[in-house]
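The values are calculated or read from the model by the stated rules, or taken from the named source; none is laboratory data. Just so you know, these numbers come straight off a predicted model, no measurement behind them. Note that we place each Cβ from the backbone using ideal geometry, even for glycine, and neighbour counts take in every protein chain shown.
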Amino acid sequence: MVNIGREDSRGKIIVRTSIIGIAANVFLAAFKAVIGFMSNSIAITLDAVNNISDAASSLITIVGAKLAAKEPDKEHPFGYGRIEYMSAIIISVIVFYAGITSLIESIKQIWQPETPDYSPISLVIVAVAVVVKVVLGRYVRNMGEKVNSDALVNSGEDAKLDSVISASTLVAAVIYLTFNMSLEAWLGAIISVVIIKAGIDMLKETVSKILGERNDPTLAKEIKHTVTSFPGVRGAYDLVLNNYGPDTWQGSIHIEVPDTYGANQLDKMLREIMMSVMEKHNVLLTAIGVYSFNTKDEEISRVERKVRDMALSHQYVRQIHAFYLTKDTKQIRFDLVISFEAEDRQGVFREVVDKIQQELPDYELEVYMDTDFSET
């Protein structure tokens, strides 16, 4: 199930926003290039180059959005959504490269300074460019956050950094005209370092998403609430979400149901759960595992409470689930969720299991160490 209308609208917003960015940056680049050469200002000239790189970033965003919107096929059955992350990486590299280039040129100007020649018209245009870049950056970033597009967010952040560069050029011009002292090369070097850091931060954030981050705690909580709202579902555990692009999620989950449920009843419930999660959260549950729990046996309930209390008394045990006791074979099975905060998770697991085994020597324990992928 795919919300085609929603995806189509998202793609149109990304393309429209990027086209606006391209038009604004080409316009600014042309004017700044002319003014930079006329005034012999390295800062203004570099600012023009940055505008061209911003236009290229917007073009990359458009291409990425178009490719990411392709329908799944035999070679890529999960779709092409992750291409958007590649677009964001390319933009991050462009920002980083622009920062390195600016730093090199600024250092050259520090060692071999050239006297700038500012004119009133050039300063007015640079001031206008600052305003345009601030507005453009805020608009692009807001649209990126609205449609969950890292490429747009990075482009908006880049535009904001460019507005800082342009503002620093104005500051340098005012200082020069007032005190006859040129500081634009030094300001350029400082701003270049800021740009380099921004590029690295953008790159790290996007790579982190490609590597696979933990489940969003809020989304995980909402999905589990939806699943446990079904009659007969005592708990929802082991939720794993796989991201195949912005707003494209697939996952799996385990549910706990009474041991009296038959195959037909389970089949009907699982289908309803999958449809409900897709409709409410736009997440496709490709697999739903089933844990059964004992019903109508007070002795087993007492043993379960005892095991639960012993396990949860340890500071690093986050959860115990999938408990089931078979009286005939004297077997107990359950899962223990050990926190990532524990230095030795395996050690904690063995310690807790040994403690429970000592308290219940007549039972054979079948215990698995589990992970909470949305642990906060």
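Below is a table of values for the structure above.
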item: Qualifying residue in region 164-175 (condition: over 23 Å from Ala55 (Cα atoms), touching a residue at least 40 places away in the same chain (Cβ under 8 Å) and either surrounded by fewer than 17 Cβ atoms within 10 Å (Cβ to Cβ) or of a type in the set (Gly, Ala, Ser) (or both)); result: yes
item: Condition broken by Leu312, with the remaining ones in (1) surrounded by fewer than 16 Cβ atoms within 10 Å (Cβ to Cβ); (2) in contact (Cβ under 8 Å) with a residue 60 or more places away in the chain satisfied; result: (2)
item: Residue check, Leu161 under 30 Å from the mean Cα position of the chain (by Cα) and among the hydrophobic types (A, V, I, L, M, F, W, C); result: yes
item: Asn51 being under 22 Å from Asn142 (Cβ atoms), at pLDDT 80 or above and either not acidic (Asp, Glu) or not in a helix (DSSP H, G or I) (or both); result: no
item: Checking Ser374 against (1) closer than 20 Å to Thr226 by Cα; (2) out of contact with any helix residue (DSSP H, G or I) (no Cβ under 9 Å at 6 or more places or on another chain); (3) in contact (Cβ under 8 Å) with a residue 60 or more places away in the chain, the condition it does not meet; result: (2)
item: Residue that is touching a Lys or Arg at 6+ places or on another chain (Cβ under 9 Å) and either assigned by TED's automatic domain parsing to the domain that holds Val128 or of a type in the set (Ser, Thr, Tyr) (or both), where the choices are Ser168, Ser192, Ser155, Ser182; result: Ser155
item: Criterion violated by Leu284 - all others in (1) in contact (Cβ under 8 Å) with a residue 24 or more places away in the chain; (2) assigned to a helix (DSSP H, G or I) satisfied; result: (2)
item: Matching residues, region 240-280, being assigned to a strand (DSSP E or B), within 22 Å of Lys209 (Cα to Cα) and either touching a Leu at 6+ places or on another chain (Cβ under 9 Å) or among the small types (Gly, Ala, Ser) (or both); result: Leu241, Trp249, Gln250, Gly251, Ser252, Ile253
item: Tally, over region 320-334, of residues that are of a type outside the set (Phe, Trp, Tyr), in a strand (DSSP E or B) and surrounded by fewer than 19 Cβ atoms within 10 Å (Cβ to Cβ); result: 3
item: Residue in region 220-236 that is out of contact with any helix residue (DSSP H, G or I) (no Cβ under 8 Å at 6 or more places or on another chain), assigned to a helix (DSSP H, G or I) and either within 26 Å of Val49 (Cα to Cα) or touching a residue at least 60 places away in the same chain (Cβ under 8 Å) (or both) present; result: yes
